[in-house]
1. Give me the number: length gained by fully extending ARG26 to ASN44, i.e. 0.36 nm times residue separation minus the C-alpha to C-alpha distance, one decimal in nm.
2. Would you mind telling me the antiparallel percentage of the DSSP bridges in the chain, rounded to 5?
3. Carbon and sulfur: what percent of segment 5-128's accessible surface (1.4 Å probe)?
4. Could you give the nm distance between label points at ILE13 and ALA70, where each point is 7 Å from its Cα heading toward the beta carbon?
5. Based on the mean of other beta carbon atoms within 10 Å per residue, what is the order of 3-10, 55-62, most packed first?
6. Report Rg(Cα)/(2.2 N^0.38 Å) for segment 19-70, keeping two decimals.
7. Given a 1.4 Å probe, how much area per residue of segment 51-93 is accessible, in Å²?
8. Return the tail of the calculated pair distribution for segment 88-130, meaning the percent of Cα-Cα pairs more than 15 Å apart.
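The values are calculated or read from the model by the stated rules, or taken from the named source; none is laboratory data. Because the structure is a prediction, the values reported are computed rather than measured. Positions of Cβ are generated from backbone atoms using ideal geometry, with glycine treated the same way; all protein chains shown enter the neighbour counts. Remember, those area values only see protein heavy atoms, side chains included, never the ligands or the DNA or RNA. Shrake-Rupley method; radii C 1.70, N 1.55, O 1.52, S 1.80 Å.
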Amino acid sequence: MFKAIDAATKMVITTRPEAPIYDAIRIMASRNITGLPVVDADLNVVGVLSEKDVLKLLYDTLDRADQTVADYMSTHVVTLDTNATLIDLCDCLMSGNFRRVPITEDGKLCAIASISDVIQGILRIKRQAP
């Protein structure tokens, strides 16, 4: 059985809750990332900052210099363990309103899997990869 971790990106770009929001947005824009896992000092996932979360900035009438990732991130985060299968990952992505799932081991972030990662996994499983 193919594991979700096998399709996931292991070099994960993250941010911290106390990071300035515009620094996180610059990372997302420069790296063409649709969402950043938000982790604490011990790599526990405490949130995700998605493109939709960032869109909320347009509605803010005050543009404070002290705005942080914590002010905008989603704190209800669905994660999968490293033992999850690719089917588990696919089910999770299809049933949720998100495009990526952090993969954890012993509660610590170790990878992230997106819809595009699942698509690449499907091509490999079906032996259709170029």
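1. On the way: separation 18, 0.36 × 18 = 6.48 nm, distance 2.27 nm.
Working it through step by step, the gained length comes to 4.2 nm.
2. Numbers: 16 of 19 bridges.
That works out to approximately 85 percent antiparallel.
3. Values: 4050 of 7490 Å².
C and S atoms contribute 54 percent here.
4. 2.4
5. On the way: 3-10: 19.0, 55-62: 8.5.
Answer by packing, highest mean first, reads 3-10, 55-62.
6. Working: Rg = 11.3 Å, N = 52, 2.2 N^0.38 = 9.9 Å.
So segment 19-70 has a normalised radius of gyration of 1.14.
7. Numbers: 2840 Å² over 43 residues.
Accessible surface, normalised per residue, equals 66 Å².
8. Values: 440 of 903 pairs.
Of all Cα-Cα distances in segment 88-130, 49 percent exceed 15 Å.
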